[in-house]
Structure formats: structure tokens, C-alpha cells
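Written out below as C-alpha cells is the structure these notes cover.
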Amino acid sequence: MDKLSKWAVLLTALAMVSGCNDSSSNSANDSDAKPELPETPDVPETKVRKSLMVMIDGARYEALLNASTPNLDKLVLQQAYTGGISGTLSQSGTSTVEGESTLWTGSWHNVQKSGVDGFKTVWQHLKADDPEFKIGLYPNWPIFDYLSFDLKDIEHKQAFRSGTDREAEHVNSKLIAEKILTDDYNSLFTTIDMVDYSGHCYYGNSGGAWSHDYIETIEEADEIFGYMLDAVEQREAEHNEEWLVLVAPDHGFNRQNDDDSVDCSHGSQDIDAKKIWIASNKKELLNEQFTTPLKSIGNRDKDGIYRYVAQTDVSPTLLTWHDVALQPQWEIEGTSFIGDLGVRGLFVENAQENGAVEIHFTASNSLPVQVLLNGEEIQIIENAVAGEVYTFQPKLDVLEEGSHQVNFTLINNNIPKSVSASVTILDSVDYDDLPFESISAVYSFDGEFTENSVVGGHDLQKTGEPQTYSIWGKYDRALYHIRQFNNDLLLEDTFTNTDKFTFSLWFAGDGTSYDPAIITNKHWSSSADGIILAQLNNQLKLQVGANNEGSCCFIELPFTASSTTQEWNLLVVSVDKTLPWSSGEGFGVMTFGVYDATNVLHMGSVDLTGPRKETIHTGLPFLINNDHAQSYNTGHAALIDELVIWNDQVFTPGAIATLAQAEHSVVNKLAQQRATSTPAKLTAVDYIGASPNLTEAEQMTEAFWQRRRQMDELKAKLN
């Protein structure tokens, strides 16, 4: 019964009581008096829900706690993490592109698919749910240049491009405050960038993210945030609205170096680069995902940071606030920290068996858990206990041999939560069956650094005087190259313009350097034509760019970083321009395999969308340990051994594992083949001017001496 019906019943009862009292000895005036009726209560009008998301770029958690932030102090703060789960498919760089795309999608950057059929942002989901929903995206840094999300339906979007101009950030945020005070938006996003610049040692701050100047910059960012928070509070006071305010950084900063020198950068999987925070103004709505870090959890790495709320949780929280139900096919990895809960602490790791994975989650209730593999149900879990970790090994017998990026979605309490994994079902390949005959170049760096071990092949070229040294490598000697601009080793690119090719190399890296090119035929920029293989701290990134088309078509995989000893990882890149895309709407697929020093194979693949089948070939030579911009990371040292070019070949996971496990080098294998091959038989035809009067043996002898005379004549001419 609604409130108005209840009042109608009450009025009827009062009328009946009044009629019964008519027979009593009341005066005429009393009998004429009308009964006093209660006032009809006001039915509260439902408030319009709106939202504001603010990203404070590069604001470290501990530094924030040490700063005076009266505006952020009005919000509820919780420690959080970014950068995915270290050592898994989700491991992502702790940088702005990766962090911002994670805030926008609810999925880790390295898991997100590229292109039209890829992951959608929270803004696209909100717009699809209500085409009249009004969104404004106003970052300071030009993130639109680096992400390829389809945002054509978002009417209001503009990057301020303020750079290091601190005063401009005040002006921009006051402009956002003015937009909040209008009725033009249901949801707004913006960033405050000055904290990141301070951490990068700008503004004369030599102490980076570990200085008092950095803390003072956080305090100034709080002042800037206050303009917007004041506008929200004013809007709520003057209109029938309630606003959800969410604030989070994209990343922290790398730890100080061991010698106490300042590392003015981020991007690594260091705990201080991964550790961030999330703040909200809705204390009364926050559930246990935000308020209660997990006690029982399936992954306690990184000082137990995965117990806390995740950067992926922001997007589903915003959707829940706006009454948009999460859908399994969105593959959102986060958990809303308002509303009901499903499973928490969801992790996947590769088991010891070939092609097997283990999944761990912490149950928040005792309801059944439905498990989907790539959208199809594979099992129902009935015996999970609230508050405890549940571990199981799903059946993957539906997968064929090869490398697969698979998605597991667990639905509990009608709430989906996803996790993705790279699963490799190895095919059996014998070492002798590898396509050694297709090799056009092997650079073993055993002797002369530029020498190609394949007879007749192209040697490496030099520009200037490359700074090269010989060290012990995977099998014999290896290249130790120190980057100095325009002093390079060049590999002529004779293969990226073919339909199929593979190149392999052994690599040892320190796990701390960010974005130095290992080998590339392009400028460093992600949106430039060409292919680049680069180190991003303790992961490797392979990407194909296309001029002015943003960041797309990349694979990021972990590797074993060197510490006290050199740890060699086999890297194998294959391109097949004739292979159909996963969507079936085009052709061209690139695969990347890393067989690390712990004997674990990591695999990934990506469709070469747009014009990338063509832009992978730039006409420029490959540079080793540099890129054609000639402007980044001078002095970086690269350790490379046995770079091999395999023509017209694509390596399977089994072939990569076989090559990695070989006891001897490719150079050794080729030498064995040459030693055991049967010399070509000379015939009478080999003898120029053959005479039928000579026996076959005599013709072969004459042919030998004829060739000998030709060689002597050629030497004389050359001299």
C-alpha cells in the first residue's frame, strides 16, 4: 500500500468515528464543526544522480597522507593499487595511458582489446544505457592522442594541454566548476597534472616524488580540487541532485635508487609505483570492497597490496551509481564499492601442467558461483564459504593447440567479475624440424659484432662509432651496446614487407629501464609507422604503429629481469599478414612469445587493424638498442645475443619452447648442417666448353682448374 492509499483509509476511519459521535449531547456549533484532518505529507522527490571523476596524476599515497589537504579530507580515503597483477597477463605499466584507460574501462590496460570490437569505456556504457546522458571529458594531458576508444557519441570532450603551466590548471579547474554549476552534464571527468610534473623533477624540484616540494604540489592540487568540490556542494544545496565524487591517481612513482639518488620516473612494478589511493564522498554507501581489505586472499605478493581496492573498481562503481547493471560480456575486472557484492580477490595463475590454470577468489557470500569461459558456462561452484579463499582448476579441453587469451567471468549474486589469462597449449616440435633452411641472417656477436653467420647474407651496418663490448651470453659471446645517438648498429629491413616473417633474439634486461627500444624500424612514438620491441621496466612491449592513429596493436609480456647474474630470455616475434583477425573482418596477426629464464613461456597475439599490415614496413633499417627519433634514453645499455631472421615462417608456441630449450645455438646448428651436407657434384656441364673427347673425370678436373684461373683473375682485378 502506498502512502496516499494509507491516508485515504485514515480519512475514511475518521469520518466513521465522527458519524458515531452525532448521537452524543454536543452543541449545535459542535455538530457543525468539521473534523480536523492531518496534513497530507510531501512525497520526497527522487534526487537526480550525477557524478564527478577527478584523476590527480602521479599522487603517491604516503605523500598524500603527509600533506595538508582540507578538501580531500572531506572524502573517505582508502589505499589502492594500479598496474595489474605482477607477472600475469594483466600486468600493465604504471603510467598515465595505462592508468587512465583502466579508470575508464574497469579492466587492466594490458588486457583491453584494441579497435572497434575492443573494450568499451564507462562513458560508452552510460551513453548506451541512456542516449540523453550528458558527459564531459576534460583532461589536462592529451589522453585522446594515445587511446583508440570509440568516443564519437561523447559530445563534450577536450584536452586542455596545459603542460607544466600550474596557473593554467587553476583556470581549467575553475572552468570545470562552472560546468558543474550548469545543468549541462550528468557526469564529468578531469585531471590535475601538476603533481606528476613535480614527481618528474620539473619546477626546479630535484627531489622528485620524495621531496617537500612534491608534497606542497599535492597541497596546491587539493586547492584546485576544492574549486570543483565547492561547486558540487553548491549544486546539491540549490537543486534536487546528489553527486558521487570519485578521486584517484593513475600511478605512483618508482622507489628511490639504492644509492639514495632520485628516480624521477614511474612505470615499474615497484610497490611505490603500484600503490595509489581512491577517495569518495559517499561514506554511507561504501561496501566492504572499499572499507574492509581482504584478510584471506589468493595472492599476497607486493606486500599484500592486492588485499585493497583496485583501480579497476572505479568504473563499475560509477556504473552502479547510475543504475547501469554490469554485463558479463563487458569483461570488467573491477568490483563496485557501492551496492551488493559478488566474488572478491579474483586471481588466475598458470599451473605447472601444460595449458592449465588455477583460479582463486574470496567469497563474499555462500551463493552459487557460475563460471564462464569466453562467455560459455563451464561449471557451477556450490561450496564456496563466505570470507574464505576458494581455489579451482577449470577444464580447458575445449582449447586447441596454440596460444589463447581467455577470459573467465565469475557470476555471483547476479554480479559478474572477470579475469583474463594467457593460456598456451603446446604443440610438439622436434628441434631438427625447426625451419633452419629459412634463415637469412644470424648475428651471434661471437666475433665481429656486425658479421652475419649466414654465407652471402647482409652484415649489420654502422653509423658513427657504436659503443659495443663483448660479454658472455646465452651460448658464447654476446653484444653489450651502450646507446649513443647516431652511433648505431643497423639491420637492413628485407623482411617486414613480406607476408610472413619471424625474428628471434636472446635478451637480458635490468627490469628497471622504461621504454628503451630493443629493436625497431620506427620513431619511438606509439602512433608512428613501424614495429617496435621495447622494455617497460620488468615487462616487454611489442607494438605496430600507424601515423596519427593513436596507440594500438600492442602486446605486453613479463620477462625475468637480471639482478646479480644475467638472466637470458628468448623473445620471438612472428607476423602473418594472411591470417584472419579474431573478428574475421580482416587479415594480419602478430604474435609475441617470451620464454623466460624460469622456463615459463608467455604468449600473446594482436590483430594488425587499420593499415598496420603496410605500416609495419617503413623503409628504414632496424636499429638495435635505439630508435629513429635519436632523442631518448641515451646511455642505456642493452644485452643481446643471437638475433635470427626467419623468412616466410611463423613460430608456434611449441616451436618457441623447442628453440628456447635447445642445448646449442642456432649458429652451431647451421655449422653442423654445413659440415654434414654432401658437396655438390661437378658434372661436364660445369666445364665451360666441354668436349666429348674428355672423360667425365677429366671434365671435372678441367672445370676445377678453370674456376681456379677465374678466381685468380678476379683477385688480380680487385687488387
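The values are calculated or read from the model by the stated rules, or taken from the named source; none is laboratory data. Bear in mind the structure is a predicted one, so any value in this text is a computation, not a measurement. Cβ atoms come from the backbone with ideal geometry, glycine included; neighbour counts cover every protein chain shown. All accessible areas refer to the heavy atoms of the entire protein, side chains included, with ligands and DNA or RNA removed. Shrake-Rupley method; radii C 1.70, N 1.55, O 1.52, S 1.80 Å.
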> Per residue of the chain, what 222 nm ellipticity follows from adding -39500 (n - 2.57) for every DSSP H run with n ≥ 4, rounded to the nearest 500?
Replying inline: -6500 deg cm²/dmol
> Cα convex hull of region 526-615: how many Å³ per residue?
Replying inline: 88 Å³
> region 471-546: percent of C-alpha pairs farther apart than 19 Å?
Replying inline: 46 percent
> Efficiency by 1/(1 + (r/R0)^6): what FRET value for N497 and S438, r their Cβ-Cβ distance, R0 = 22 Å, to the nearest 0.05?
Replying inline: 0.85
>> Give me the dipole magnitude in Debye, nearest 20, for the chain about the Cα centre, with unit charges on the beta carbon: positive for Lys and Arg, negative for Asp and Glu.
In response: 980 debye
>> Contact order normalised by length for region 590-630, with contacts defined as Cα pairs under 8 Å and 6 or more residues apart; what percent is it?
In response: 28 percent
> For region 496-643, what is the relative contact order in percent, using Cα pairs closer than 8 Å and at least 6 residues apart in sequence?
Replying inline: 31 percent
>> With θ taken as phi - 60° and the coefficients 6.51, -1.76 and 1.60, list the Karplus ³J(HN,Hα) couplings across region 616-633 in order, rounded to whole Hz; mark glycine and proline as x.
In response: 5, 9, 9, x, 8, x, 6, 9, 9, 6, 5, 10, 6, 6, 6, 8, 10, 6
> K282's amide H: which non-local residues (gap 5+, or another chain) put their own amide H closer than 5 Å, with H modeled 1.01 Å from N in plane and none for Pro or chain starts?
Replying inline: V76, V245
> If you count, for each residue, the other Cβ atoms within 10 Å and average over each peptide, how do 269-276, 92-99 line up from highest to lowest?
Replying inline: 92-99, 269-276
> So, with a 1.4 angstrom probe, what is the percent of accessible area on the chain that is carbon and sulfur?
Replying inline: 48 percent
> Taking every eigenvalue of the Cα gyration tensor of region 457-611, multiplying by 5 and rooting it, what semi-axes result, largest first, whole Å?
Replying inline: 26, 19, 15
> For region 84-204, what is one quarter of the convex hull surface built on the Cα atoms, given in nm²?
Replying inline: 8.5 nm²
> Per the Kirkwood treatment, what hydrodynamic radius in Å, one decimal, follows for region 404-476 from the mean inverse distance over all distinct Cα pairs?
Replying inline: 17.6 Å
>> Apply the a/c threshold of 1.5 to the C-alpha gyration tensor of region 469-508 and tell me whether it is rounded, prolate or oblate.
In response: oblate
> In terms of modelled amide H atoms, which long-range or inter-chain residues lie less than 5 Å from the amide H of D515?
Replying inline: Q535, L536, N537
> Rg and Dmax of region 308-428, Cα atoms, in Å?
Replying inline: 14.6, 51
> Residue by residue through region 81-87, which ³J(HN,Hα) values in whole Hz follow from phi under the Karplus form 6.51 cos²θ - 1.76 cosθ + 1.60 (θ = phi - 60°), with glycine and proline marked x?
Replying inline: 9, 10, x, x, 9, 4, x
>> Could you put H404, H212, H481 in order of accessible surface area, largest first, with the 1.4 Å probe and the full protein assembly present?
In response: H212, H404, H481
> Which value results when the Cα radius of gyration for the chain is divided by 2.2 N^0.38 Å?
Replying inline: 1.23
>> Run through region 563-636 and list the GluC sites (Glu not before Pro) located in a DSSP loop whose Cβ has at most 13 other Cβ atoms within 10 Å.
In response: E585
> Angle, helix 3-20 long axis vs. longest principal axis of the chain, Cα atoms, 0 to 90°, nearest 10?
Replying inline: 10 degrees
>> Whole-Hz ³J(HN,Hα) for each residue in region 388-393, computed from phi via Karplus 6.51 cos²θ - 1.76 cosθ + 1.60 with θ = phi - 60°, x for glycine and proline: what do you get?
In response: 10, 7, 10, 10, 8, 10
> Can you list residues whose amide H is under 5 Å from L540's amide H, if they're 5+ apart or on another chain and H is modeled 1.01 Å from N?
Replying inline: L557, F559
> If you find the alpha carbon centre of region 460-487 and of region 338-416, how far apart are they in angstrom?
Replying inline: 47 Å
> Could you list, bin by bin from short to long, the percent of Cα-Cα pairs of region 260-345 in 10 Å steps?
Replying inline: 15, 43, 29, 11, 2
>> Just to confirm the number: angle between the C-alpha axis of helix 96-105 and the first principal axis of the chain, 0 to 90 degrees, nearest 10?
In response: 50 degrees
> Any number yet on Rg/Rh for region 212-271, C-alpha, Kirkwood?
Replying inline: 1.19
> Taking the C-alpha atoms of region 354-416, how large are the radius of gyration and the largest Cα-Cα span, Dmax, in Å?
Replying inline: 12.4, 37
> On average, how much accessible surface per residue is there in the chain, in Å², for a 1.4 Å probe, leaving out ligands, DNA and RNA?
Replying inline: 45 Å²
